[in-house]
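To start, the structure under review is shown below, and the notes come after it.
The values are calculated or read from the model by the stated rules, or taken from the named source; none is laboratory data. What you see is a predicted model, and the numbers here were worked out from it, not measured in a lab. Cβ coordinates were reconstructed from backbone atoms using ideal geometry, including for glycine residues, and neighbour counts include every protein chain displayed.
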Amino acid sequence: MITTITGQITNSGKTYIHEHLKINLSGHKKDPDTNFDDLEKVTLELSTLKHDGIETIVDVTNRGMGRDIHAMLQVSETTGLNIIASTGFYKEPFLPDYVYQQSDKELIKLLLEDIEIGIDGTTAKAHVLGEVGTSHNTITPVEERLLKLISQIHCQTGKPIFTHTTLGTMALEQLELLKNWGVDTEKVLVGHLDLSSDLDYHLRVADSGCFLGFDTVGKLNYQPDETRVKIISELIKRGHQDQIVLSQDLTRKSHLKENGGIGYSYLYNNFIPKLIEEGITEQTIEKFLIQNPCKLLNT
């Protein structure tokens, strides 16, 4: 079963696997553009996405990132989309102060309450453990501690783990730690791998059996989409089509279409045609959007 914020489903349908409906990282980034809080515009864009056939959005905004369960519930009610919520902690320096003050036992209790009781006084429950992150080319002691906590909760609940890699780095190190702590890597999504253009690196990560997040689609300042397409094509040729999932990871006001950005529809209307032009079949693309997310999310 898959737990959405309004109840349980067995099939997530076409899914954006890594998004944010409302997120605020502006405290540390000192950039008001990263206070992504225009719910009216977000709702309008997601209504169009629902009309285009997308059924589910996984919102990986967690504790310390400005998670707003009431906003998620409002979007779900207005658009008819399934919204899947997350719990956990991001990466340094975007961690709430209490992470440094509370014991492992206390933090685990908080996260289990999100999963088993509800988030912030509601009955809306979290289903995903993430996005839990590591820094660029390093894993700090606190980040390792939080990865271990998430691993413990995964082993107790079976919930999938979604990681954040900074510019695609530290994926192999993340996986090694998670495996050492007993995590089933087939229930792990390593995020933002599409920010790396190293095919050999992708193949080494894929060999672990985890899911590969091509989840910053359209962020051309980091990576041309043509590179994403070529790597996906090569991964398919090597038999990894059952591990690829897609999303955009919109986190800025300027990402919204009405503000001059690519908008949530870019993946569906712009990127998927590029995959088709590359010769990737619609059946395979359906795996990326339907079967693979459903396999990852079902617990």
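Points to keep in mind about this one:
- Selection status of R63, over 24 Å from N298 (Cβ atoms), modelled with pLDDT of 95 or more and in contact with a Ser or Thr (Cβ under 8 Å, 6 or more places away or on another chain): yes
- Counted residues, segment 1-41 - those being in a strand (DSSP E or B) and of a type in the set (D, E, K, R): 1
- Scanning segment 109-156 for residues that are in contact (Cβ under 8 Å) with a residue 12 or more places away in the chain, among the aliphatic types (A, V, I, L, M) and closer than 24 Å to Q8 by Cβ turns up L110, L111, L112, I115, I119, A124, A126, V128, L129, V132, I150, I153.
- Filter pass, I236 being closer than 21 Å to V190 by Cα and either more than 21 Å from the chain's Cα centre (by Cα) or loosely packed, with under 15 Cβ neighbours inside 10 Å (or both): yes
- Of T56, T3, T15, all but one fail to be touching a His at 6+ places or on another chain (Cβ under 8 Å), polar (S, T, N, Q) and either surrounded by 15 or more Cβ atoms within 10 Å (Cβ to Cβ) or under 20 Å from G263 (Cα atoms) (or both); the exception is T3.
- Every condition in (1) in contact with a strand residue (DSSP E or B) (Cβ under 6 Å, 6 or more places away or on another chain); (2) among the small types (G, A, S); (3) surrounded by fewer than 18 Cβ atoms within 10 Å (Cβ to Cβ) holds for S197 except the one numbered (1).
- Scope segment 174-232; condition more than 30 Å from K257 (Cα to Cα), of a type in the set (D, E, K, R) and assigned to a loop (DSSP other than H, G, I, E, B); matching residues: D184, D198, D207
- Conditions (1) surrounded by fewer than 20 Cβ atoms within 10 Å (Cβ to Cβ); (2) touching a residue at least 12 places away in the same chain (Cβ under 8 Å); (3) not in a helix (DSSP H, G or I): number failed by K159: (1)
- Of note, I108 does not satisfy the criterion of being in contact with a Ser or Thr (Cβ under 7 Å, 6 or more places away or on another chain) and of a type outside the set (G, A, S).
- Annotation note: of K109, K125, K91, the sole residue that is over 20 Å from Q74 (Cα atoms) and touching a strand residue (DSSP E or B) at 6+ places or on another chain (Cβ under 6 Å) is K91.
- Within segment 91-127, the set of residues being farther than 16 Å from E143 by Cβ and basic (K, R) comprises K105, K109, K125.
- A single member of L39, L25, L81 is surrounded by 15 or more Cβ atoms within 10 Å (Cβ to Cβ) and touching a residue at least 60 places away in the same chain (Cβ under 8 Å), and it is L25.
- Top-ranked residue in segment 247-299 [being within 18 Å of the chain's Cα centre (by Cα) and at pLDDT below 95; ranked as surrounded by the most Cβ atoms within 10 Å (Cβ to Cβ)]: Y268
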